[in-house]
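The values are calculated or read from the model by the stated rules, or taken from the named source; none is laboratory data. What you are looking at is a predicted structure, and each value in this text was computed from that prediction instead of being measured. Here the Cβ positions follow ideal geometry from the backbone for every residue, glycine too, while neighbour counts run over all protein chains shown. We work out accessible area using only protein heavy atoms, side chains counted, and drop any ligands, DNA or RNA first. Shrake-Rupley method; radii C 1.70, N 1.55, O 1.52, S 1.80 Å.
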Amino acid sequence: MKINCCYNIKDDFFDKFDDPYLKGNKEEKRPHYFCLRDDDVKGLFWMIPLSRQIERCEGIINKRNAQNRPCDILHILSINGNKSAFLIQDMFPITDEYIKKPYTINGVPLALKDKSDIEAIQKKAKKIYRLIHMGVKLNPTQPDVLKIKNELIAELNSVKPELQTV
C-alpha cells in the first residue's frame, strides 16, 4: 500500500468489525484514504473514509469556525474535479489483509499529489490519532477504533509474530 492513495476495503472488514458507527462500505465501492502508518504497531494502517456530503460537512466546519473551535475532524478538497470530504474523525485502523484494491477512476489509482493538501490532512489526522489514543471522544457516533486496533493487533500477532508492537 502507498500512503496518500485511496483504496477499496473488503466487506469482510466491516462484517468482522461490526461497529455501528463505522462508515458504510457501499458494497466495497466507498473510497478510503490511507493517511498514516500506526506509530505503535508495524503492519497497522489508518484509513479515512471519504464522503460526497459536502454541504453537511461544510455546515459542520462553518459552525465550528463560528465558535472559534478548530476543525481538525473534517477536510474538504477537490479530487479529480469533484469535491470530497475527508471524515477524519471517523478514521480507523486496518491491515493490508482487508484491502481489496486501489480505488481507481478510469483505471488510474486515485492519489493525492498536492503536498499542501497532503500535509494539511496528515496534520489533522495525527492530531485526531493522538486524541483517540488519549481516550478523547470526538463525537457521539465515533467508532470504537481502539477496540478494533486491539483486535487487529491480536490478529497480527497470531499470524505474524514478528510484527510485535514497537
Just the residues that are surrounded by fewer than 21 Cβ atoms within 10 Å (Cβ to Cβ) and either part of a loop (DSSP other than H, G, I, E, B) or β-branched (V, I, T) (or both), please, taken from the stretch 45-78. R52, Q53, I54, I60, I61, Q67, N68, R69, P70, C71, D72, I76
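I'm trying to understand the selection: among the residues of the stretch 107-146, which are hydroxyl-bearing (S, T, Y) and under 14 Å from the mean Cα position of the chain (by Cα)?
Taking the stretch 107-146 as the starting set, the residues that turn out to be hydroxyl-bearing (S, T, Y) are 116, 129, 141.
The answer is Y129, and nothing else.
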Taking the residues in the stretch 12-39 that are touching an Asp or Glu at 6+ places or on another chain (Cβ under 8 Å) and within 20 Å of H75 (Cβ to Cβ) as candidates, determine which candidate is most open to solvent (accessible area, probe 1.4 Å). Y21
Part of a helix (DSSP H, G or I), modelled with pLDDT of 95 or more, open to solvent by less than 30 Å² (accessible area, probe 1.4 Å) and in contact with a Leu (Cβ under 7 Å, 6 or more places away or on another chain): is that true of L156 in this structure? no
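Which one of these is open to solvent by 30 Å² or more (accessible area, probe 1.4 Å), in contact with a Leu (Cβ under 9 Å, 6 or more places away or on another chain) and at positive phi: G81, G107, G135? Full working, then the answer.
On the way: G81 fails: in contact with a Leu (Cβ under 9 Å, 6 or more places away or on another chain); G107 fails: in contact with a Leu (Cβ under 9 Å, 6 or more places away or on another chain).
Exactly one of G81, G107, G135 is open to solvent by 30 Å² or more (accessible area, probe 1.4 Å), in contact with a Leu (Cβ under 9 Å, 6 or more places away or on another chain) and at positive phi, namely G135.
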